[in-house]
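The values are calculated or read from the model by the stated rules, or taken from the named source; none is laboratory data. Here the structure is a predicted model, which is why all the values come from computation and not from measurement. Methodologically, a virtual Cβ is constructed for each residue, glycine included, from the backbone with ideal geometry; neighbour enumeration extends over all protein chains shown. Just the protein is used for accessible areas: all its heavy atoms, side chains included, with ligands, DNA and RNA removed. Shrake-Rupley method; radii C 1.70, N 1.55, O 1.52, S 1.80 Å.
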Amino acid sequence: MKRLVSLLVVCCCLAPALAAGQAAPEEVSASLDDMVVTATRTEQPLKEVPGRVAVITRQELKDLPVQTVDEALSYISGAHVERPSGIYSFKSVVSLRGLGNEQGRTLVLIDGVPQNTSDMGDVNWNRINLEDVKRIEILKGPAASIYGNNAMGGVINIITEKPTKMVSGMASASYGTFEDWKLRGVAAVRTSEEPKALYARVSGLYHTSPGYMATPSDEQTVWSVDSFIREGTVNAKVGWDINENNNLEFQYTRDSQRAGEGTQYFAYDGVHREYDTDAWQGKFTGAWEGWSVMLNAYFTNINYGRTNESWSDTTDISTYSRIDSKVNRKQYGLLSNLSKGWGPNTFTVGFDTSLGIMDGTDYYRTNTNFATDYGKIRSYGVFAQDQLKFLDDRLIFLAGLRYDNATTFDGHYDTNISNLSKYTEYYPDHNWDDWSPRASVKYFFLENLSAYLSYGHAFRAPLLDDMYRSGKMKGGSKISNPSLGPEKLDSYEVGADYEPLGNLRFSGSGYFSVGRDFQSYVTVSSGIFQKQNIGQVQIWGAELNGEYEPFKFMDIDLLKKFTLFANYTFNDSRVADFPGRPDLVGKLLPYVPQNSFNTGFTWLNKYVNSKVGVQYTGLMYSDDLNTNANIIPPHALLNAKVWRNLDFLGTYGEKLTVSLAGENILDHQYVDYHNPNSLNVGRTVYLELSAKF
């Protein structure tokens, strides 16, 4: 392992003299002629979107020194990623536009299918195989007018690969810090490379590592163990390209994952969490005579489990406690939209419906206590949207309106735990509805200079876990709140894109958002917390992005693909009104850095390729009161990757690539989450060999 570290440091030092790279995965790195679907649910050129959309291409994703999809999103301005234990984190949170560490405020899609769970709003980022990703589209700002619930901060749509050749595939193996092994493979076939064909694709990921010691040395006991990870994912896709414009596709994903949390007394694998996921999807897309249609049906079944054991006095066996929690999460849904283009108009209408089910039980293995919670949420939404173009497509208007209705029902909680038994209840049904308008305009002053202005409204329905579950949480216990209402957000945004030279691009956005009835934990008695609707939150923010290729037009082959990139994000997210807690007015939202930036270079050439980046995250607070004791200090990380195709070995070498990637190369110890008594993963290095055919 020391040799790997030494080799990485040498490669990074030599990179300016040896290597070349390509554009950073930022808004300005994607070609303005690239087609995107997330902004309007219909395909259109990126440059025509009157809003801020970032695109991470497959090549950019492969070039980044990252091991997971969510880590790649940390290079996007306006995005904040919490993954305190690196690849060993059992939970990662990605948020957009300063909305705090609630994953449920940012909608995540895979091929258009929502991934946020109905009970927690979270997303299992670990189950997404990097080899399955074709591109990632990030729509920033409220998008409830076409997506409904969860799309308050924006939408992240992960679009997966499909076969384009008659036979293709790849295999890779990587080894890294903490004896980390990853094996990936893909096999794909297609009956023809013509537009009409049948195709099939299967991919697999296996990842295992005994992990690392997250407990600081002065706090370790004989019960402290490494935080391990073991996971495997298989994704299968079959489809029929009926013709150039019509496609029918089915997809199935199976994922199994287990992650340790660093303590073991008697339970096998100690304190740990596990996820078993089965996801099905069937999708039809079609187009004829100016019409286009999309139908997308899905079902996801997630079995979550946690084993939690504690021992307050290891000399007294009676103080040992073990709780096994089991939660089954089911999600059913149907998405649809119909679009027609004529003249300057592109008109789109759609209907969506979904059903989420939570069924959980806490089994107390060392006594007779138990707790069960159950609930469902059903929603449907209808929307209409129109895009108009005038003045030879220099002026673009976009307006949309959506109606959503959500109902929670069959909610109940039952327990015999003494301090929680009074909350045992069959809860009444609740129903909410909301209208989500959106309006934006974009104008091209010149071919290389444009600006846009937009307004959007969004909402987020309460989570089943907050409405119906009572039980243990960090720092005490939580009680359900069946009267919890939805959050709402109104956001205003202005932005511009400018390309003064063929090798220099800039983009910038500024936004102001007002959130009402935001949900936050409130202390209702000593050690007892409840999620409640608080007052008003105000968010000011700005994003700046730049990209420069200084040698693009010079007659120096070695330097032509050298690119510098940088982006900066400012967020000021504060409580503006809280009638029940005036002491919180003016305080910053927890886990939102006011300042952050990414900068670095990429360089590609025939000798060796490299990407080097510096990521800075500013000061944050981990509590509502912004106390000095709960400051999360700023930190900066140096990450890098170098890779080379082995074409010098001949025909077989052309299909082989070797890479060396490192994250947090300077081994900086930092805190980016609420548990200061747990060490972050530190420097990690990965050596990978991949082959394609």
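Of everything in the range 509-532, what is under 26 Å from the mean Cα position of the chain (by Cα), closer than 24 Å to Gly476 by Cβ and either aromatic (Phe, Trp, Tyr) or surrounded by fewer than 18 Cβ atoms within 10 Å (Cβ to Cβ) (or both)? Give them in sequence order.
Phe518, Tyr521
Within the range 612-644, track down each residue that is buried (at least 17 other Cβ atoms within 10 Å of the Cβ) and either closer than 22 Å to Lys692 by Cα or of a type in the set (Ser, Thr, Tyr) (or both).
Thr617, Tyr621, Ser622, Lys641, Val642, Trp643, Arg644
State which residue is most open to solvent (accessible area, probe 1.4 Å) when the search covers only the range 363-403 and only residues that are without any contact (Cβ under 8 Å) to a residue 60 or more places away in the chain and touching a Pro at 6+ places or on another chain (Cβ under 7 Å).
Only one residue fits best here, namely Phe390.
For a quick check of your reading: which strands (runs of 3 or more DSSP E) sit entirely within the range 77-131 and have at least 2 residues that are open to solvent by 10 Å² or more (accessible area, probe 1.4 Å) and touching a Leu at 6+ places or on another chain (Cβ under 9 Å)?
It comes to 79-82.
Determine whether Phe409 is open to solvent by less than 40 Å² (accessible area, probe 1.4 Å), without any contact (Cβ under 8 Å) to a residue 40 or more places away in the chain, touching a Lys or Arg at 6+ places or on another chain (Cβ under 9 Å) and not polar (S, T, N, Q).
yes
Quick grid of which residues meet (1) touching a Ser or Thr at 6+ places or on another chain (Cβ under 8 Å); (2) aromatic (Phe, Trp, Tyr); (3) farther than 24 Å from Asn626 by Cα:
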{"position": "Gln44", "(1), (2), (3)": "yes, no, yes"}
{"position": "Ala72", "(1), (2), (3)": "no, no, yes"}
{"position": "Ile87", "(1), (2), (3)": "yes, no, yes"}
{"position": "Ser95", "(1), (2), (3)": "yes, no, no"}
{"position": "Gly112", "(1), (2), (3)": "no, no, yes"}
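Check Leu558 against each of (1) closer than 30 Å to Ser690 by Cβ; (2) not in a helix (DSSP H, G or I) and name the one condition it does not meet.
(2)
Output the residues belonging to the range 592-606 that are surrounded by 17 or more Cβ atoms within 10 Å (Cβ to Cβ), of a type outside the set (Gly, Ala, Ser) and part of a strand (DSSP E or B).
Selection gives Phe597, Asn598, Phe601, Thr602, Trp603.
Would you point out the residue of the range 476-503, among those that are assigned to a strand (DSSP E or B) and of a type in the set (A, V, I, L, M), that is nearest to Ala371 (Cα to Cα)?
So, considering only residues that are assigned to a strand (DSSP E or B) and of a type in the set (A, V, I, L, M), the one nearest to Ala371 (Cα to Cα) is Ile479.
Tell me, which residue of the range 132-147 that is touching a Pro at 6+ places or on another chain (Cβ under 9 Å) and closer than 24 Å to Thr277 by Cβ is most open to solvent (accessible area, probe 1.4 Å)?
Within the range 132-147, the match that is most open to solvent (accessible area, probe 1.4 Å) is Tyr147.
I'd like the full set of residues that are in contact with a strand residue (DSSP E or B) (Cβ under 7 Å, 6 or more places away or on another chain), open to solvent by 60 Å² or more (accessible area, probe 1.4 Å) and not in a helix (DSSP H, G or I), limited to the range 645-669.
Selection gives Leu666, His668.
Filter the range 665-693 for residues that are modelled with pLDDT of 95 or more and within 22 Å of the chain's Cα centre (by Cα) and give the result.
Across the range 665-693, the qualifying residue is only Thr684.
Examine the range 533-548 for a residue that is without any contact (Cβ under 8 Å) to a residue 40 or more places away in the chain, part of a strand (DSSP E or B), open to solvent by 70 Å² or more (accessible area, probe 1.4 Å) and polar (S, T, N, Q), and state whether such a residue exists.
no
From the set of residues in the range 429-458 that are out of contact with any Leu (no Cβ under 7 Å at 6 or more places or on another chain), among the aromatic types (Phe, Trp, Tyr) and within 29 Å of Ser507 (Cα to Cα), which is most open to solvent (accessible area, probe 1.4 Å)?
Checked the range 429-458; the qualifying residue most open to solvent (accessible area, probe 1.4 Å) is Phe445.
List the number of the failed condition for Glu261; all other conditions in (1) surrounded by fewer than 15 Cβ atoms within 10 Å (Cβ to Cβ); (2) at pLDDT below 95; (3) touching a His at 6+ places or on another chain (Cβ under 8 Å) hold.
It is condition (1) that Glu261 fails.
Give the range 561-583 a look and list any residue that's in contact (Cβ under 8 Å) with a residue 40 or more places away in the chain, closer than 21 Å to Gly100 by Cα and either aromatic (Phe, Trp, Tyr) or part of a helix (DSSP H, G or I) (or both), or say none.
Result: Tyr568, Phe578, Asp583.
Residues are listed down the side, and each one gets a yes or a no for (1) modelled with pLDDT under 95; (2) under 19 Å from Leu109 (Cα atoms); (3) under 21 Å from the mean Cα position of the chain (by Cα); (4) not in a loop (DSSP other than H, G, I, E, B):
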site: Ala20; (1), (2), (3), (4): yes, no, no, yes
site: Thr40; (1), (2), (3), (4): yes, yes, yes, no
site: Lys62; (1), (2), (3), (4): yes, no, yes, yes
site: Gln67; (1), (2), (3), (4): yes, no, yes, no
site: Ala72; (1), (2), (3), (4): no, yes, yes, yes
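Could you please let me know if Glu309 is within 22 Å of the chain's Cα centre (by Cα) and within 28 Å of Lys472 (Cα to Cα)?
no
Would you check if there is a residue in the range 219-231 being open to solvent by less than 30 Å² (accessible area, probe 1.4 Å) and under 21 Å from Ala691 (Cα atoms)?
No, the range 219-231 contains no residue that is open to solvent by less than 30 Å² (accessible area, probe 1.4 Å) and under 21 Å from Ala691 (Cα atoms).
Is it the case that some residue within the range 315-332 is open to solvent by less than 50 Å² (accessible area, probe 1.4 Å), under 25 Å from Asp269 (Cβ atoms) and of a type in the set (Gly, Ala, Ser)?
yes
May I ask you to list the residues in the range 164-181 that are closer than 20 Å to Lys134 by Cβ and either within 25 Å of the chain's Cα centre (by Cα) or open to solvent by 50 Å² or more (accessible area, probe 1.4 Å) (or both)?
Residues satisfying the conditions are Thr164, Lys165, Met166, Val167, Ala171, Ser172.
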